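Novice: This is the structure I have questions about; it appears just below.
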Amino acid sequence: MQETHYPLIVRPRFILNARKWWRLCHVYLALSLGLIFALIGLTGSLSIYREELDSLLNPQLRVDTPQSTALSLDKIVAAVRAAHPDRHGAWTLEMPRAPDGMITAWFEKPKESVDAFYAPLMVSVNPYTGRVVDSRLWGKTLTTWLLDLHTQLQLDGFGRNALAVLGGLLMLSVISGLYLWWPGWHKLLHAFSLRHDAGLMRLVFDLHRLLGLASSGFLIMLAFTGFHLAYPSLLENLTAASGMGHGDAGPNVRSSAIPNDRPTSLSEATLVARGPFPSSEVRRITTPVGELGTYRINLRQLNEINQHHPFTTVWVDRWSGQIRDVQNPSQFSTGQTFTTWLWPLHTGEALGPNGRLLWFFVGLTPTFLFLSGLLHWLHRHGWVADREVNLKQATDAATTACMTTLKRAAKAIFTVMIPAANRLLQKIYSRIRRIKRLK
């Protein structure tokens, strides 16, 4: 019988060009979502300094003359309740992190925004006088509106879920950009070059590649942490860290003592809570609700990287003053510890003040990458013409302009401002002498 022969190799009609598809992925993601990525980055950068920006826009939220001793927490709560007698429920006191800062009392579900996705009441209280300085709803101030835009695109729950998807797509965009940048080992040094003599578009494209490479690791980390902050249940289930997400109140601990005529005060509960952690810092205190409610005191130990939302928590019985439960981050599992790192890594506070500043500039990079990539794409399609650029000439011109401006400013200071100030001071001095002579 004749033997049947089969071909050993079947060649396809075309060979898949991986680089082509990665380029299409990168380009279409940038064109369709690049503006949203830039918006998320800009609002994130501003939100890093939300408290500082809020104080700058509202000077009344800073204490003019800080004192050595603050009022007791019971008096602070009494002042808050007196200012808002119709708010029945738990109040959370957030301690200031600076001597001139205000205590912020949070009320989670005010009647004005009970149907909103997240819009608690924020009451600013002077810790030394107990005066209620301001009462504002979340989302009604510029800084909180920007943070809502960053965390949920002003679209409530749908926006938060959409941000989780956008975080995954941002990681895909960065990875595709890294693949397109990789030149191979034999051209690796050439990939770091910055040509300034091949036209403006070439310079813009080189800056796009180098800045994308420098910020790629940070952007992937921010996108990864942002994804899990927007959709925390996935990581909590994978790491067996349920209830450890940012903003979670922890277990529902109740008071078990019999109600009496001498309930534990807020100051006493705070003192009891600091017993197991004497060197800790009090960050948040939540008042009990109902006869079964407990005091929830959030403390920050020295080794915790969470600055605003630490996980050291003590629940104190409102009737007996005994500790009902303790949550100590030093005893967390690996999965729980990993989950608690997400928020400080996303905000940059895990790395201290320098980390926050670095994260601020990283948040600005999606805007530059989007604009430079869009400019290069428009040039490739013939909609933007190239121009010659000479960095040396531009640098020399800028230096000359700066030196000229400095010389003119110095001349104006020494010839105009200083003599004018001198004449003004002499007039004031002579008027003071005249007033004293008349007296």
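Novice: Determine if the range 93-101 includes at least one residue that is buried (at least 16 other Cβ atoms within 10 Å of the Cβ), more than 21 Å from residue 295 (Cβ to Cβ), touching a strand residue (DSSP E or B) at 6+ places or on another chain (Cβ under 7 Å) and in contact (Cβ under 8 Å) with a residue 24 or more places away in the chain. If you could, list the steps in order and put the result at the bottom.
Specialist: Residues of the range 93-101 that are buried (at least 16 other Cβ atoms within 10 Å of the Cβ), as a first pass: 93-96, 101.
Keeping just the survivors that are more than 21 Å from residue 295 (Cβ to Cβ) gives 101.
Still in the running and touching a strand residue (DSSP E or B) at 6+ places or on another chain (Cβ under 7 Å): none.
No.
Novice: From the list 61, 71, which residue is closer than 22 Å to residue 122 by Cα, touching a helix residue (DSSP H, G or I) at 6+ places or on another chain (Cβ under 6 Å) and either of a type outside the set (Gly, Ala, Ser) or open to solvent by less than 30 Å² (accessible area, probe 1.4 Å) (or both)?
Specialist: Going through 61, 71 in turn, just one is closer than 22 Å to residue 122 by Cα, touching a helix residue (DSSP H, G or I) at 6+ places or on another chain (Cβ under 6 Å) and either of a type outside the set (Gly, Ala, Ser) or open to solvent by less than 30 Å² (accessible area, probe 1.4 Å) (or both): 61.
Novice: I'd like to check something: does the range 168-181 contain any residue that is open to solvent by 80 Å² or more (accessible area, probe 1.4 Å) and within 20 Å of residue 215 (Cα to Cα)?
Specialist: Taking the range 168-181 and keeping what is open to solvent by 80 Å² or more (accessible area, probe 1.4 Å), we get 175, 179.
Checking the rest, the ones that are also within 20 Å of residue 215 (Cα to Cα) come to 175, 179.
Taking every residue of the range 168-181 in turn, at least one turns out to be open to solvent by 80 Å² or more (accessible area, probe 1.4 Å) and within 20 Å of residue 215 (Cα to Cα).
Novice: Is it true that some residue in the range 296-314 is more than 31 Å from the chain's Cα centre (by Cα) and over 20 Å from residue 350 (Cβ atoms)?
Specialist: First pass over the range 296-314, keeping only residues more than 31 Å from the chain's Cα centre (by Cα): none.
The answer is no, given that none of the residues of the range 296-314 is more than 31 Å from the chain's Cα centre (by Cα) and over 20 Å from residue 350 (Cβ atoms).
Novice: In the list 139, 130, which residue meets the criterion of being in contact with an Asp or Glu (Cβ under 9 Å, 6 or more places away or on another chain), in contact (Cβ under 8 Å) with a residue 24 or more places away in the chain and not basic (Lys, Arg)? Can you show your working first?
Specialist: Values: 130 fails: in contact with an Asp or Glu (Cβ under 9 Å, 6 or more places away or on another chain).
Residue meeting the stated conditions: 139.
Novice: Hey, can you tell me all the residues within the range 300-351 that are of a type in the set (Asp, Glu) and either open to solvent by 30 Å² or more (accessible area, probe 1.4 Å) or closer than 20 Å to residue 231 by Cα (or both)?
Specialist: The one that is of a type in the set (Asp, Glu) and either open to solvent by 30 Å² or more (accessible area, probe 1.4 Å) or closer than 20 Å to residue 231 by Cα (or both): 325.
Novice: So, in the range 136-167, exactly how many residues are open to solvent by less than 40 Å² (accessible area, probe 1.4 Å), over 19 Å from residue 42 (Cβ atoms) and in a helix (DSSP H, G or I)?
Specialist: Total satisfying the criteria: 2.
Novice: Here is a further query. Which condition breaks for residue 45 when tested against (1) within 30 Å of residue 164 (Cβ to Cβ); (2) over 15 Å from the mean Cα position of the chain (by Cα)?
Specialist: Condition (2) is where residue 45 drops out.
Novice: Pairs please, first residue from the range 374-388 and without any contact (Cβ under 8 Å) to a residue 24 or more places away in the chain, second anywhere and assigned to a loop (DSSP other than H, G, I, E, B), Cβ atoms under 9 Å, 6+ apart in sequence or on different chains.
Specialist: Every condition considered, the pairs that remain are 378/384.
Novice: Enumerate the pairs (first residue in the range 222-241 and of a type in the set (Lys, Arg); second residue anywhere and not in a helix (DSSP H, G or I)) with beta-carbon separation below 7 Å, excluding pairs fewer than 6 apart on the same chain, so at least 6 apart or on different chains.
Specialist: Here the result reads none, with nothing in the range 222-241 linked to a residue that is not in a helix (DSSP H, G or I).
Novice: Cβ-Cβ below 7 Å, separation at least six or inter-chain, first residue in the range 142-156 and more than 12 Å from residue 119 (Cα to Cα), second of a type in the set (Val, Ile, Thr): which pairs?
Specialist: 146/43; 149/43; 150/40; 150/43
Novice: Is one or more of the residues making up the range 289-300 touching a helix residue (DSSP H, G or I) at 6+ places or on another chain (Cβ under 6 Å), aromatic (Phe, Trp, Tyr) and within 30 Å of residue 361 (Cβ to Cβ)?
Specialist: Looking for residues that are touching a helix residue (DSSP H, G or I) at 6+ places or on another chain (Cβ under 6 Å), aromatic (Phe, Trp, Tyr) and within 30 Å of residue 361 (Cβ to Cβ), one finds none in the range 289-300, hence no.
Novice: Please go through the range 133-172 and give me each residue that is aromatic (Phe, Trp, Tyr) and closer than 30 Å to residue 60 by Cβ, ordered by number.
Specialist: If the condition is that a residue be aromatic (Phe, Trp, Tyr) and closer than 30 Å to residue 60 by Cβ, then 138, 145 are the ones that fit.
Novice: I'm checking my understanding of the structure. Among residues of the range 385-420 that are modelled with pLDDT under 70 and open to solvent by 70 Å² or more (accessible area, probe 1.4 Å), which one is nearest to residue 200 (Cα to Cα)?
Specialist: Checking each candidate, the answer is 390.
Novice: Do you know which residues across the range 247-290 are free of Cβ contacts under 8 Å to residues at least 40 places away in the same chain, of a type in the set (Gly, Ala, Ser) and either out of contact with any Leu (no Cβ under 8 Å at 6 or more places or on another chain) or exposed (fewer than 15 other Cβ atoms within 10 Å of the Cβ) (or both)?
Specialist: 279, 290, listed by residue number.
Novice: Something else: Kindly indicate whether residue 115 is surrounded by fewer than 17 Cβ atoms within 10 Å (Cβ to Cβ) and either without any contact (Cβ under 8 Å) to a residue 12 or more places away in the chain or polar (S, T, N, Q) (or both).
Specialist: yes
Novice: So, in the range 202-244, exactly how many residues are under 27 Å from residue 337 (Cβ atoms), part of a helix (DSSP H, G or I), open to solvent by 60 Å² or more (accessible area, probe 1.4 Å) and of a type outside the set (A, V, I, L, M)?
Specialist: Residues meeting the conditions: 3.
The values are calculated or read from the model by the stated rules, or taken from the named source; none is laboratory data. Fair warning: this is a prediction, and the values are worked out from it, not measured in the lab. In this analysis, Cβ positions are derived from the backbone assuming ideal geometry, glycine residues included, and neighbour counts consider all displayed protein chains. Just the protein is used for accessible areas: all its heavy atoms, side chains included, with ligands, DNA and RNA removed. Shrake-Rupley method; radii C 1.70, N 1.55, O 1.52, S 1.80 Å.
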